1. Roughly speaking, what % of Cα-Cα pairs in the chain are separated by over 27 Å, rounded to a whole number?
2. Taking the Cβ of GLY49 as the center, what net charge do the other residues with Cβ under 14 Å away carry, scoring Lys and Arg +1 and Asp and Glu -1?
3. THR210 to ALA66: extension gain in nm, 0.36 nm per residue of separation minus the Cα-Cα distance?
4. Report, in whole Å, the centroid distance computed from the Cα atoms of segment 119-191 and segment 204-239.
5. Would you tally the net charge around VAL164, using a Cβ to Cβ cut-off of less than 12 Å, leaving VAL164 out, and scoring K and R as +1, D and E as -1?
6. For segment 128-239, what are Rg and Dmax over the alpha carbons, in angstrom?
7. Hey, rough spin-label estimate for ASN233 and VAL14, points 7 angstrom out along Cα→Cβ, what's it come to in nanometres?
8. Pop the C-beta distance of HIS133 and LYS41 into the FRET formula with R0 = 30 Å and round what comes out to the nearest 0.05.
Amino acid sequence: MELFNDKLDLFLTVAVSVYVCGLVYWLMKNANELYYCLGKKNLPPGDMGWPLIGNTLSFSRAFKSANPESFLENLVSRYGRTGVYKTHLLGKPLIMVNHPELNKAILTDDKNFALAYPGLTEILGKRSLATIHGDEHKRLRRLTTAPINGNVALSMYVEHIEHVVMASFDEWASMNKPIELLVELKSATFKVVTYIFFGARGYSILAPLTEVFRDLSGGIFTRPINLPGFAYNKALKIY
């Protein structure tokens, strides 16, 4: 009888432990869902991830992999092709849109939507073209894009753009190692932009700024953790 009681106690202990662990896991997995979505109507399907970190880790792994779209593809496979999904990245709840017409509507609606990234204002300042909105943004955008606004203006730089692109292709072909295409495309684009706005010697003068720009971009597209060693902290020091 005593042996039976010992086995029963062991079984109950294991059962309770498994139940408690399962309950804790469920609460942790659904904490963001309960905190941000409970009681709210008409939210799109999706996964809010774990507390604090959300889905940032899986998003980072996908973004650094050979298939960056795998993060969005996972949402599509789980929740169907709705075109709109909820998730939690870089410490904030957000909506991901995967629908061409809806993306166009959002990007062209300056009244209801504004450009924003974690730490954007702190890094670039309150008066930056990227952080102001409305009529003031439209006015500054017209001023800064005047040299390249319209087909006539752009036609003046077609020959130079072709030269930069062909020279870049030749340079990449001569390399005996893999290249990071996005990095090289940014470099080629920077050469074109500096030529348009600063003339023929623009790139040679401003080339050192490419590293600064890279550090600033790294600080904007990351979680705003202001501690030594983090990209956000490095970007703030530059500013």
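The values are calculated or read from the model by the stated rules, or taken from the named source; none is laboratory data. Just so it is clear, the structure is predicted and the values come from calculations on it, not from any experiment. No Cβ is skipped: glycine too gets one built from the backbone with ideal geometry, and neighbour counts run over all protein chains shown. Note: accessible area is taken over every heavy atom of the protein model, side chains too, but ligands, DNA and RNA are not part of it. Shrake-Rupley method; radii C 1.70, N 1.55, O 1.52, S 1.80 Å.
1. When every Cα pair of the chain is considered, 57 percent fall beyond 27 Å.
2. My count for the surroundings of GLY49 gives +4.
3. So the chain would gain 49.4 nm between THR210 and ALA66.
4. Here the two parts' Cα centres lie 18 Å apart.
5. So the surrounding residues net to -4.
6. 17.0, 50
7. 4.7 nm
8. After rounding to 0.05, the efficiency reads 0.60.
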